[in-house]
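Notes follow once the structure below has been shown.
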Amino acid sequence: PTLSHDSPIPIHRRSTRQLHVGAVPVGGGAPVSVQTMTTTNTADVDATLRQIAEVTAAGCDIVRVAVPSADDAAALPTIVAKSPIPVIADIHFQPRYVFAALDAGCAAVRVNPGNIKKFDDKVAEIARAASAAHTPIRIGVNAGSLDPRLLAKHGSASPEALVESALWECSLFEEHGFTDLKIAVKHHDPLVMIAANRLLASRCDYPLHLGVTEAGPAFQGAIKSAVAFGILLAEGIGDTIRVSLSTDPVEQVKAGCHILSSLGLRPRKLEIVSCPGCGRLQVDIHRLATQVEAAFDGFPHPLRIAVMGCVVNGPGESREADLGVSCGNGKGQIYRHGQVIKTVPESRIVEALLDEALHLTSDLPAE
Ligand code: SF4
């Protein structure tokens, strides 16, 4: 049997150079990768590795760790050696930690031109060292830490100012023959961030890292990121993403994975198509959808499951899904691949869906 998880409308991705962050290709048609940053003290190696394991389990492809001190830099070799996914060192203010990160074998280094004073003088040295280590550099330009010279010139962190900063920084590396670069231009306002990335995409062929910086608490931040990333990714812009939320990095990764799977850019895992409910409801649809989600958490196959409140849209959505339930009058009609299999009382709907899911996937290897 086949499971219905692929998007019927493919996205035509922008053509870019490709680089490799460790084993993960970025740009050049590679799958869009999901990143996050650890929130532990990087120097606390055990805690950092524990969090890296958690985000990896949630679907993270690349992890970034902050390197604000010499102790953090000293922890990098162990973290890099033991991390199951590539580690990027995130460096502000201190060019010397860039060299420490390269020596430690970090898969990439992120620098912020606005924050590294005397950076112009250091570029040749960084380009030489990164080139020798075959390590890409991410130029990260944030509205909150834009180069003061460009802020003065443009009057605000406008899309033009962000793009000029990023491309100027790239040109410094290019002068030294180093082009293993990817770029992020981030702003807390999705519309500015979208405009900046469109402009950047039209002016260079470097892979782009998307982020709405300081997006906010989980609900607001996830929506802001989904809006901005959704528009850009649907236009083919964006090669790696990070959802910045004021919450656990695991949640950031889950949000990133959901955004990609919503666009058909990552195979869907569990997808629940559930109705919001209305005055026609004769079952507790909110509780039922939550119970189905919990019951299928970690299910090893991608499934689309329709959980519908009544016969208005229930049979139609249930027929389109791998499994479905169309409810009414305290009962649920269970569908499997478009066929009604049985009718069960509300209290047995979750159990019946699980039974049918196991039946449906018994011949498939776990994913
Ligand atoms: Fe209302 Fe039925 Fe639509 Fe659910 S499927 S929102 S209960 S009309």
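Nothing in this text is a laboratory measurement; each read-out follows from the coordinates by a stated rule. What you are looking at is a predicted structure, and each value in this text was computed from that prediction instead of being measured.
The angle separating the long axis of helix 159-174 from the principal Cα axis of greatest extent in the chain is about 60 degrees. Against the longest alpha carbon principal axis of the chain, how many degrees, from 0 to 90 and to the nearest 10, is the axis of helix 249-262 turned? The answer is roughly 70 degrees.
Nearest-5 percent of antiparallel DSSP beta bridges in the chain?
Antiparallel bridges: around 30 percent, rounded to the nearest 5.
With contacts taken as Cα pairs under 8 Å at a separation of at least 6 residues, the chain carries a relative contact order of 14 percent. The angle between the Cα long axis of helix 119-132 and the longest principal axis of the Cα atoms of the chain comes to about 70 degrees, rounded to the nearest 10. The relative contact order of the range 184-239, computed from alpha carbon pairs under 8 Å that lie at least 6 residues apart in sequence, is 42 percent.
Computed from phi, the 3J(HN,Hα) profile of the range 269-279 under the Karplus parametrisation 6.51, -1.76, 1.60 (θ = phi - 60°) reads 8, 7, 10, 9, 9, 10, 7, x, x, 7, x Hz, with x in place of Gly and Pro. Within the listed set 255, 100, 57, the residue fluctuating most in the Gaussian network model of the chain (springs between alpha-carbon atoms under 10 angstrom) is 57. Among 190, 267, 300, the largest mean-square fluctuation in a Gaussian network model of the chain, built with springs joining Cα atoms closer than 10 Å, belongs to 300. Using 31 Å as the Cα-Cα cut-off, could you pick out the over-long pairs in 82/254; 224/342; 153/182; 186/254; 153/254? Result: 224/342; 153/254 exceed 31 Å.
Built from the Cα atoms of the range 314-367, the convex hull projects on average onto 3.7 nm², one quarter of its surface area. With no solvent and one equal point scatterer per Cα, compute the Debye intensity ratio I(q)/I(0) for the range 73-154 at 0.16, 0.19 Å⁻¹ and report its log10, rounded to two decimals. Rounded to two decimals, the profile gives -0.60, -0.80.
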